[in-house]
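S.K.: Provided herewith is a single structure, encoded as structure tokens, for subsequent inquiry.
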Amino acid sequence: MTLSTRTFVQRRSLLAVVALTIATLSTPAQAQAPMPVVASFSILGDLVRQVGGERVKVDVLVGPGSDAHVFQPTPAQARLVGQAKVVFSNGLGFEGWMSRLLKSAGYKGQQVVVSQGILPVREAGHAHDHGETDPHAWQSVGNARLFAKNIAQGLCRADAAGCNVYDRNAIAYLARLDALDTEIRAAWAPIPAAQRKVITSHDAFGYYARDFGVTFLAPQGVSTESAASAKGVARLVRQIRQEQIKALFVESISDPRLIAQIGRETGVKPSGELFSDSLSAADGAAPTYIDMMRFNTRALTTAVRGE
Ligand SMILES: [Zn+2]
């Protein structure tokens with residue numbers, strides 16, 4: 001055995017001991033009960049789980065497939081909030097119901113607004129009544145990085161003994177987010193700027209637009225609340241033709257006849273759904289934040305190519 005192999009073997013057995021120690025420490029029977037925390041919606045719930053790991057038990061208020069804009073907390077959820085050590089919210093006016101919920105739950109614990117420190121984008125349209133600022137900050141991977149750092153800080157404040165674990169988890173997750181950002185930029189790189197145009201009725205992609213150089217056009221006059229006017233549809237059809245837009249995501253227009261009409265008049269096939277404010281269920285297409293960003297990017301780049 002040469003010297004270098006012996007060193008290698010020794011190092012390997014040292015690693016095995018370390019791995020065994022970590023495994024022993026994290027055996028559920030010996031670990032302390034995980035710290036109960038609450039995240040306001042599913043996307044944030046995933047980010048908190050990534051950073052908190054096994055030391056936290058995350059309850060999500062607005063679950064997969066549900067809409068945070070029209071959320072009404074149940075008494076059981078108010079009790080969950082009352083027992084939590086940390087409550088994570090997006091902020092930027094996304095959870096209009098949060099302050100009332102915290103008050104009614106008599107919440108006295110840590111509050112972490114994860115969007116703190118981001119550079120806000122102004123809201124493009126009026127599909128949501130969020131005020132001036134676009135709250136969908138997680139659609140920027142750079143912002144998700146900041147979310148993860150704010151989450152680690154918040155967990156450290158509530159559980160100082162776990163701070164090393166939270167920092168380590170955050171560092172590992174940040175590396176994955178960096179890779180995701182690079183991957184999304186690479187997916188868009190071959191597509192000419194003039195072709196990066198998407199029609200969507202949901203004004204949720206302002207941050208994605210800014211980061212990845214995509215133009216999202218939210219047609220006026222076609223809203224979910226009022227029936228689409230003939231004029232509004234005509235304007236949308238004109239816009240799609242003039243700008244040769246091939247990507248049409250109209251998931252919140254529930255009238256299938258309208259979608260069919262737009263498709264007929266423009267020759268553009270609707271491209272289905274994007275995940276904006278919520279993850280999918282665990283067995284769906286976007287069970288985590290990283291899955292969601294990948295899914296949307298694949299759907300968008302495929303659609304703008306007219307494929
Ligand atoms: Zn929204």
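The values are calculated or read from the model by the stated rules, or taken from the named source; none is laboratory data. Since we're looking at a predicted model, the values are computed, not measured. A quick note on method: Cβ atoms are made from the backbone with ideal geometry, for glycine too, and the neighbour counts reach across all protein chains shown. Side chains included, ligands, DNA and RNA excluded: accessible areas come from the protein's heavy atoms. Shrake-Rupley method; radii C 1.70, N 1.55, O 1.52, S 1.80 Å.
S.K.: How many residues, within the range 199-214, are away from the ligand (no atom under 16 Å from the Cβ) and buried (at least 18 other Cβ atoms within 10 Å of the Cβ)?
M.R.: Going through the range 199-214 one residue at a time, the tally reaches 4.
Okay, residues lined up against (1) at pLDDT 85 or above; (2) open to solvent by 40 Å² or more (accessible area, probe 1.4 Å):
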position	(1), (2)
Pro219	no, no
Ser229	no, yes
Arg235	no, yes
Ile245	yes, no
Ala281	yes, yes
Gly284	yes, no
Ile290	yes, no
Thr301	yes, no
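S.K.: Can I ask one more? Mind listing whichever residues of the range 100-113 are modelled with pLDDT of 95 or more and hydroxyl-bearing (Ser, Thr, Tyr)?
M.R.: Once the filter is applied, which keeps residues that are modelled with pLDDT of 95 or more and hydroxyl-bearing (Ser, Thr, Tyr), the range 100-113 yields only Tyr107.
S.K.: Would you kindly identify the helices (runs of 4 or more DSSP H) lying entirely within the range 51-165 that contain at least 1 residues that are within 16 Å of the ligand (Cβ to nearest atom) and either open to solvent by less than 20 Å² (accessible area, probe 1.4 Å) or in contact (Cβ under 8 Å) with a residue 24 or more places away in the chain (or both)?
M.R.: In the range 51-165, 98-104, 141-158 are the helices (runs of 4 or more DSSP H) which contain 1 or more residues that are within 16 Å of the ligand (Cβ to nearest atom) and either open to solvent by less than 20 Å² (accessible area, probe 1.4 Å) or in contact (Cβ under 8 Å) with a residue 24 or more places away in the chain (or both).
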